[in-house]
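Everything on this sheet refers to the single structure shown next.
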Amino acid sequence: MIIAVASGKGGTGKTTVATSLAQSIAADGRLSAPSGAAERARAQEASQPDQKLVFLDCDVEEPNAALFLQPDLDDGQEVGILIPDVDYDRCTFCGRCAEVCPWHAIAVVGRKVLVFPELCHGCGSCTLNCPEDAIHEVLHVMGVLESGPAGPISFGHGILNVGEAMAVPIIRQLKARHMADNDVDLAILDASPGTSCPVVETMRGADFVLLVTEPTPFGLHDLRLAAQVARDELGLPVGVVVNRDGVGDTGVEEYCAAQDIPILMRIPIDRRIAEAISGGQSLVEALPEYRPHFIQLYEQILGIVSSQEERP
Amino acid sequence: MKQLVILSGKGGTGKTSVAAALAHLASQEMPVVLADADVDAANLELVLEPTKREEHVFMGGQVAVIDPDLCQLCGQCYEVCRFEAVIRGTMNPTWEPYRIDALACEGCASCVYQCPEKAIHAEEQQAGLWFRSDTRFGPLFHAHLFAGQENSGKLVTMVKQQGRLLALDEERDLLLVDGPPGIGCPVISANAGADLALIVTEPTVSGVHDLERILGTVNHFRVPALVLINKADLNPVHTTRIEAYCQDHGIDLVGKIAYDDVVTEAMVQGQPVTAYQPDGAAATTLRQAWAQVRRHLDGRA
């Protein structure tokens, strides 16, 4: 099961919710627990050691989850896209590569072929279309993937290099690296703010999208957009966490009721929470009394996902 | 004409609240043009109550389309696509031609060239809208990128270019750009051509971490930066860290706004905080910050 945590607006508490959800489930010692008590006991008996909880920070522009989960990270692996490199012994300067590139990332100027790595999307079309087989591809490094254990949580994140524009290839490779194994029981994906391609790339393939919002006009405006992406464009079930509950107005409440989007959890406006998080503590580390609420949140998500699966 | 961009790295530090306040303050001293460069989640309009004057279609790029009647299920398109945008067709139990997942398609057209049946073509698609509006502080250019679309950087460039042209045309002194969070493509577009970047940060571990990355980004593109700390009393240790960091790197800190519910109240009321509670502490700090920003813009710093 894959849960993506998104928001539209930045700073609503995505990382707070995602990290505390992961830590609460890890501490509880069970993953895809069925909600009945008897079944739960049976599942607990049967499974434990090989159940795997993965946490991926997909906000590769500003990855912050590691600050809270404190994983023991490996040396990292450079990642990027494959960009063209021209073999001048074969090139006839016919210009076909430039013709097929929709991003003008390759240009033929006299007897030179110029490649602009910052414009290239790494699609490989120029290589495939070169009639002389004069293009091969080389890795253009755009960032790094790091991973390692954070207690029982298997953690991974991507870091986009400063000055690089494209986050999506890093997210795609981060997901591919960790999700390829079939032994992932639960993956929690922390998305970037916004609603464009990096967020879509994070949500793709998820079973559920948890939208973290705050009850303000900005929060509501961006919640609508994020819900549109997750529910209407990608067809995924969604639920809302209202953070800083008590601040602002009732717009989010009214919107969720009208749209039939369940509010699964509320975190009240509380300076203690803000201060703990500002110092690098996660919510459930600072206030362990929230753990059962996160377990409840997880069980509600499981319930929604399994009821979706039963539909024809 | 000067161009000031407001950025933050981390989301939710208060960029738009600061942008609205500066729009209010700047417009009392000079004619300004405003641009909301957070086209994914444009919020400046919620505070400025714009009246829309113009609406334009934004064409965002191409998407591949497979003609189901021509597809022979050879799978070439699936093989060449690097964006997982081709959904495989099947022979059994029913004939299902290959299809394109338009949200995943980057429009490279690699499949268009490789299809032996010439069953695929690329179509331009509308990815959003952009608007010119009037506000009480000056004209506003803003946009709405459709859910899940690409090319937000291109739309940001469009919105800013329109703002710049109007500013030059009407001899307005300032183009004020409210930027998006992050450090990637829309941020690079928002930052391009700016004379000055104002980075709004907060004293949290995330805020500090992200501040260094956004300062690295604006520096990479050679735009000078100033820093404003929001919610400064939330964590004095990190506020001190940010101050020390700025001092070490020769970056001017233009203000520290204490955490104040009035900032959210002003947002709920659709007002810049400097207009909602002009005598409050937040408004006073913002006025002082604006005076410093102005000195830098005028080259008097």
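The values are calculated or read from the model by the stated rules, or taken from the named source; none is laboratory data. This one's a predicted model, so the numbers in the text were calculated from it and none came from an experiment. Cβ atoms come from the backbone with ideal geometry, glycine included; neighbour counts cover every protein chain shown.
Observations, loosely collected:
- Residues that are more than 14 Å from chain A (Cβ to nearest Cβ) and charged (D, E, K, R) were ranked within region B:253-292; the one that is surrounded by the fewest Cβ atoms within 10 Å (Cβ to Cβ) is B:279.
- Region B:209-236, subset in contact with a Ser or Thr (Cβ under 9 Å, 6 or more places away or on another chain), at the interface with chain A (Cβ under 9 Å from one of its Cβ atoms) and hydrophobic (A, V, I, L, M, F, W, C), residue farthest from residue B:297 (Cα to Cα): B:234
- Only one of the numbered conditions (1) surrounded by 24 or more Cβ atoms within 10 Å (Cβ to Cβ); (2) more than 8 Å from chain A (Cβ to nearest Cβ) is violated by residue B:206, and that is (2).
- Some residue of region B:183-193 being more than 9 Å from chain A (Cβ to nearest Cβ), surrounded by 24 or more Cβ atoms within 10 Å (Cβ to Cβ) and either of a type in the set (Asp, Glu) or assigned to a helix (DSSP H, G or I) (or both): yes
- Candidate set from region B:62-81 (those that are surrounded by fewer than 19 Cβ atoms within 10 Å (Cβ to Cβ) and under 30 Å from residue B:159 (Cβ atoms)); member that is modelled with the highest pLDDT: B:65
- Qualifying residue in region B:245-253 (condition: in contact (Cβ under 8 Å) with a residue 60 or more places away in the chain, among the acidic types (Asp, Glu) and farther than 25 Å from residue B:32 by Cβ): no
- The criterion of at least 2 residues that are facing chain B (nearest Cβ under 10 Å) and aliphatic (A, V, I, L, M) is met by the following strands (runs of 3 or more DSSP E) wholly inside region A:56-142: A:77-86.
- Of all residues in region A:163-180, those that are part of a loop (DSSP other than H, G, I, E, B) have Cβ atoms under 6 Å from Cβ atoms of residues that are surrounded by fewer than 24 Cβ atoms within 10 Å (Cβ to Cβ) and not hydroxyl-bearing (Ser, Thr, Tyr), 6 or more apart or on another chain, in A:163/B:220; A:165/B:188.
- Contact annotation: residue pairs with Cβ atoms under 7 Å, 6 or more positions apart or on different chains, pairing a residue in region B:10-38 that is in contact (Cβ under 8 Å) with a residue 24 or more places away in the chain and at the interface with another protein chain (Cβ under 9 Å from one of its Cβ atoms) with a partner that is of a type in the set (Phe, Trp, Tyr) and buried (at least 24 other Cβ atoms within 10 Å of the Cβ), are B:16/A:218.
- Residues of region B:114-150 classified as basic (Lys, Arg) and over 19 Å from the mean Cα position of the chain (by Cα), total: 2
Here's the yes/no breakdown for (1) outside any helix (DSSP H, G or I); (2) on the phi < 0 side of the Ramachandran plot; (3) free of Cβ contacts under 8 Å to residues at least 40 places away in the same chain; (4) not assigned by TED's automatic domain parsing to the domain that holds residue A:203:
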| residue | (1), (2), (3), (4) |
| --- | --- |
| A:232 | no, yes, yes, no |
| A:281 | yes, yes, no, no |
| A:290 | no, yes, no, no |
| A:304 | no, yes, no, no |
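- Taking region B:135-153 as the range and being more than 14 Å from chain A (Cβ to nearest Cβ), surrounded by 22 or more Cβ atoms within 10 Å (Cβ to Cβ) and assigned to a loop (DSSP other than H, G, I, E, B) as the test, only B:137 passes.
- Qualifying residue in region A:193-207 (condition: at pLDDT 95 or above, more than 12 Å from chain B (Cβ to nearest Cβ) and either surrounded by fewer than 21 Cβ atoms within 10 Å (Cβ to Cβ) or not in a loop (DSSP other than H, G, I, E, B) (or both)): yes
- Among the residues of region B:155-179, those identified as outside any helix (DSSP H, G or I) and either β-branched (Val, Ile, Thr) or in contact with a strand residue (DSSP E or B) (Cβ under 9 Å, 6 or more places away or on another chain) (or both) are B:170, B:172, B:173, B:174, B:175, B:176, B:177, B:178, B:179.
- Number of residues in region B:104-134 that are touching an Asp or Glu at 6+ places or on another chain (Cβ under 6 Å) and either polar (S, T, N, Q) or facing chain A (nearest Cβ under 9 Å) (or both): the value is 1.
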